[in-house]
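> Before I ask anything, here is the structure I am working with.
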Amino acid sequence: MYGQQENNPRECLLQARNVSKSFGAVRVLHDVGFDVYRGEVLGILGPNGAGKTTLFNLISGDLKPSGGEIRLGEVRLRGEPPHRRCRMGIGRTYQIPRPYSGMTTFENLLVASVFGGGRSEAESYDFCAQVLRDCELFEKANTLAGSLTLLDRKRLELARALASSPQLLLLDEIAGGLTDEESKDLVALISRIRDRGVTIVWIEHVLHALMAVADRLLVLNFGEKIAEGEPKTVIADPEVMRVYMGIEA
Amino acid sequence: MTSISTSADAVAAPPAIRVRRQTVSGVIALSLFVLVIVALSTMPWWAKTGTIRMVLELCCYIVAAQMWNMLAGYAGLVSVGQQAFIGVTGYAVFVLAQTFGINPFLAIPLALVVPALVAVPCYLLLHRLDGPYFAIGTWVVAEVFRLVASNLGWVNAGAGMSLAVMREYSGFERNVAMSVLCALMILVSIGGSYLFLSSRYGLALIAMRDNPVAASSQGINVGRLRFMIYVAAAVGCGFAGAVYFMAQLRINPPSAFDPMWSNVAIFIVMIGGIGTIEGVLIGALIYFVADRFFGEYGASYFVVLGVMTVLVALYARTGIWGMISKYWDAPWFPIRRHLLVERKDRA
């Protein structure tokens, strides 16, 4: 089952130290460092092009860092490909949902449970049904993923990531493109997942959604960390207000 | 298992679920499949030699098309060079039987090791290429094989080889062998593909087809799965080549490495419906019938086949089976997992 782990609030699950990434001469991330503690929700803010998704890609193994180190618990992540990182306990969603369109919602979860979660197919049936219930997708279990609405596709992204039983869940702008009502539903769902003890790092532009759940915020700008801490303190930071909201203090 | 939805859910246990894999249409198709296998393996007792040769040709097309379907329709590897493995295995049978004196019927399973071994370095060479570059690469590899065979004295270079050892067997014995091989080819290619697609690896394959990036982030080793499919497709094509050329009793480089093999496989899969086993069977029957009735028209017949493929690619990408299944949800080879809630009175 995902979550349900006993969390020591100061036990560090993810450590990033001096993480950098360049594409040729273009520096996308520069010396970024932060910790993610077990059971917390860390929100990541930043304008477009700040390097947020690149940071996720480095953690999930889709990209290799140009410098610095990332640790998951005691393990230093080196060159493990995404499928191995998933099995190590890193689950992720994508900014633009990537469902397996030719499969049903239930089968989408089966894939994650069997290959990411390491369960047998028979063991996965009940587990996936429960995740579908949790994510309010049970009624659409036999619907082709390609025909789901945007909200349901976002739920499916989340459900599929949960089906791989992650220790660390990376959410990439999961509330983007949703109405206020829809994002409220999604926030409630993410809160419930957090309450089960899943550690979450959440990139989001929908500030009220992030503020409702995040324990701490980290702000990136042009690939550099400009603020980190309590949400209210960070959001009131003059530099964050200038960079992110265009408000000169 | 604890629910996180609502407190009410936590009190009331969720209803039991079950997963349905088989369908009525699937059971009927499975029964027919078994009948076809029995009919194929007993051909010498009810069919003439000419009919057996025709059926054998059809079986070879089905195998080649299904292998291409697995490659392009599931693994996203569009190859136009599968004739490399058809030719190599055909030659391997001739060399084993004619040059080394091994029983020709035993030579077929032994020869299947060759495409597997050849596919490994080919894949290592080609896997860095993407999309059209991969396709061109596979064609180049097949042409290299043809050129090597054309210049290799050991296999009688461009003149090719004959399978004279087959004279030691009576016509009936050959028919029995060909019939059993036909049944085996269909059992392994269609039955094997169905078993594979029904398994957990089938889930991975379809996920990889639909979105390789997401599949990788869900724990699927996309690179290894593609490699497995490439090698398996090489062996499958090799099987078809081995049986086809054994029946022909002759092999030479132009026929062994004929790009027509890939063209026919692509036609069959595109017309029938890519990414489905049903589509391959429908497409193969259409090609076979068209070839029998219109083959004599030569070039103009091929133009018609080409135009049909283009029209299907433009206006009906899911092929004939895709159009049928839009209106009639009755798969012959069901691989879907339907989640059903058990009714309380049944529990």
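Each reported figure results from applying straightforward, stated rules to the coordinates on display, with no laboratory input. None of these values were measured; they are calculated from a predicted model. Neighbour counts are summed over all protein chains in view; Cβ atoms, including those assigned to glycine, are modelled from backbone coordinates with ideal geometry.
> Any chance you could run the full-extension gain for B:ARG21 through B:HIS338? It's 0.36 nm times the residue separation minus the Cα-Cα distance, nm to one decimal.
Details: separation 317, 0.36 × 317 = 114.12 nm, distance 0.65 nm.
Computed gain between B:ARG21 and B:HIS338 is 113.5 nm.
> Which of the GluC sites (Glu not before Pro) found in the stretch A:1-95 are loop residues per DSSP with 11 or fewer other Cβ atoms within 10 Å of their Cβ?
Numbers: sites: A:GLU6, A:GLU11, A:GLU40, A:GLU69, A:GLU74; in loops: A:GLU6, A:GLU11, A:GLU40, A:GLU74.
Qualifying residues, ordered by number: A:GLU6, A:GLU74.
> Dipole magnitude of the stretch B:167-322 about its Cα centre, charges +1 at Lys/Arg Cβ and -1 at Asp/Glu Cβ only, in debye to the nearest 20? The partial results should precede the final answer.
Numbers: 9 positive and 7 negative charges, 70 e Å.
Once rounded to the nearest 20, the dipole reads 340 debye.
> Ok, one more. How far, in degrees from 0 to 90, does helix B:171-186 lean away from the longest principal axis of the Cα atoms of chain B, to the nearest 10?
30
> Separate question: Once Rh is set to the Kirkwood radius over Cα pairs, what Stokes-Einstein translational diffusion coefficient, in µm²/s, holds for the protein assembly as shown at a temperature of 10 °C and a viscosity of 1.306 mPa s? Intermediate results must be reported in sequence, preceding the final value.
Working: Rh = 26.8 Å.
Result for D is 59 µm²/s.
> Taking the Cβ of B:VAL269 as the centre, find all other residues whose Cβ is under 13 Å away and add up their charges (Lys, Arg: +1; Asp, Glu: -1). Display every interim value, and only then the final one.
Working: positive: B:ARG317; negative: B:GLU278.
Counting the neighbours of B:VAL269, the net charge comes to 0.
> By count of other Cβ within 10 Å, fewest leading, how are A:TYR94, B:TYR301 ordered?
On the way: A:TYR94 22, B:TYR301 15.
Fewest-to-most ranking of A:TYR94, B:TYR301: B:TYR301, A:TYR94.
> Quick one: 3J(HN,Hα) in Hz for the stretch B:308-314, Karplus 6.51/-1.76/1.60 with θ = phi - 60°, rounded, Gly and Pro as x.
For the stretch B:308-314, the Karplus curve yields 4, 4, 5, 4, 5, 4, 7 Hz.
> Now, a different point. For A:ILE96 and B:GLU173, FRET efficiency with R0 = 51 Å and r from the beta-carbon atoms, rounded to 0.05?
Working: r = 61 Å, r/R0 = 1.20.
With R0 = 51 Å, the Cβ-Cβ based efficiency is 0.25.
> I need the phi-derived Karplus couplings for the stretch B:203-214: 6.51 cos²θ - 1.76 cosθ + 1.60, θ = phi - 60°, integer Hz, Gly and Pro marked x.
Values per residue, Gly and Pro as x: 4, 5, 5, 5, 4, 5, 5, 6, 6, x, 5, 5 Hz.
> Report the dimensions of the stretch B:40-142 along its three principal axes from the alpha-carbon atoms, largest first, rounded to Å.
49, 32, 18
> Ok, one more. Can you tell me the relative contact order of chain B? Whole percent, Cα pairs under 8 Å, sequence separation 6 or more.
Values: 484 pairs, mean separation 117.8, N = 347.
Relative contact order for chain B comes out at 34 percent.
> With no solvent and one point per C-alpha, what does the Debye sum give as log10 I(q)/I(0) for the stretch A:28-77 at q = 0.14, 0.15 Å⁻¹?
Evaluating at q = 0.14, 0.15 Å⁻¹ gives log10 I(q)/I(0) of -0.38, -0.44.
> Let me spell out the model: positive unit charges on the Cβ of Lys and Arg, negative unit charges on the Cβ of Asp and Glu, origin at the Cα centre of the stretch A:40-245. What dipole size does that give, in debye rounded to 20?
Values: 25 positive and 28 negative charges, 113 e Å.
Rounded to the nearest 20 debye, it is 540 debye.
> Using only the Cα atoms of chain A, what do you get for the radius of gyration and for Dmax, in Å?
Rg and Dmax of chain A, Cα atoms, are 17.6, 58 Å.
> What number, in percent, do you get for the relative contact order of the stretch B:90-192 if the mean sequence gap of Cα pairs under 8 Å and at least 6 apart is divided by its residue count?
About 27 percent, as a whole number.
> Which of B:VAL280, B:VAL155, B:VAL222 has the fewest other C-beta atoms within 10 Å, and how do the rest follow up to the most?
On the way: B:VAL280 33, B:VAL155 23, B:VAL222 19.
Fewest-to-most Cβ neighbours within 10 Å comes out as B:VAL222, B:VAL155, B:VAL280.
> Under 13 Å from the Cβ of A:ALA175, count the other residues' Cβ atoms, weight Lys and Arg +1, Asp and Glu -1, and hand me the total. Walk me through the numbers on the way to the answer.
Values: positive: A:ARG153, A:LYS154, A:ARG155, A:LYS184; negative: A:GLU157, A:ASP172, A:GLU173, A:ASP180, A:GLU181, A:GLU182, A:ASP185, A:GLU204.
That sum, taken over residues with Cβ under 13 Å, equals -4.
> Convex hull volume of the Cα atoms in the stretch B:8-97, per residue, in Å³?
Details: hull volume 18.9 nm³, N = 90.
About 210 Å³ per residue, rounded to a whole number.
> If you don't mind, another one. Going by amide H atoms built from the backbone, whose H comes under 5 Å of the H on A:GLY67, apart from near neighbours?
A:SER20
> In the Gaussian network model of chain A, springs joining C-alpha atoms below 10 Å, which of A:THR179, A:THR105, A:THR93 carries the largest mean-square fluctuation?
Of A:THR179, A:THR105, A:THR93, the Gaussian network model singles out A:THR179 as fluctuating most.
> I've got another one for you. Given a cut-off of under 8 Å on Cα pairs at least six residues apart, what relative contact order in percent is computed for chain A? Can you show the working numbers first?
On the way: 505 pairs, mean separation 67.9, N = 249.
Value for chain A: 27 percent.
> Oh, and also: In the stretch B:24-259, if the dipole is taken from +1 on Lys/Arg beta carbons and -1 on Asp/Glu beta carbons about the Cα centre, which of B:VAL93, B:CYS60, B:GLY192 is farthest to the positive end?
Going by the Cα projections, it comes out as B:GLY192.
> I'd like the projected area of the stretch B:24-259, averaged over all directions, using the convex hull of its alpha carbons. Report it in nm² with one decimal.
Orientation-averaged projected area of the Cα hull: 13.4 nm².
> Further question on the same structure: Largest first, please: the extent of the C-alpha atoms of the stretch B:159-280 along each principal axis, to the nearest Å.
Principal extents (largest minus smallest coordinate, Cα): 57, 29, 28 Å.
> Another one. Given 37 °C and 0.692 mPa s, compute D for the stretch A:1-131 with the Stokes-Einstein relation, Rh being the Kirkwood radius over Cα pairs; round to the nearest whole µm²/s.
Working: Rh = 16.5 Å.
For the chosen part, D equals 199 µm²/s.
> If you rank B:MET67, A:MET241, A:MET88 by fewest surrounding Cβ atoms within 10 Å, what's the result? Can you show the working numbers first?
On the way: B:MET67 30, A:MET241 14, A:MET88 18.
In order of increasing Cβ crowding within 10 Å: A:MET241, A:MET88, B:MET67.
> In a GNM of chain B with a 10 Å cut-off on Cα contacts, which of B:VAL63, B:VAL243, B:VAL95 has the highest mean-square fluctuation?
In this elastic network of chain B, the residue with the biggest mean-square fluctuation among B:VAL63, B:VAL243, B:VAL95 is B:VAL95.
> Name the most mobile residue of B:ILE37, B:ILE136, B:ILE17, meaning the one with the largest mean-square fluctuation, in a Gaussian network model of chain B with Cα contacts below 10 Å.
Fluctuation is largest for B:ILE17.
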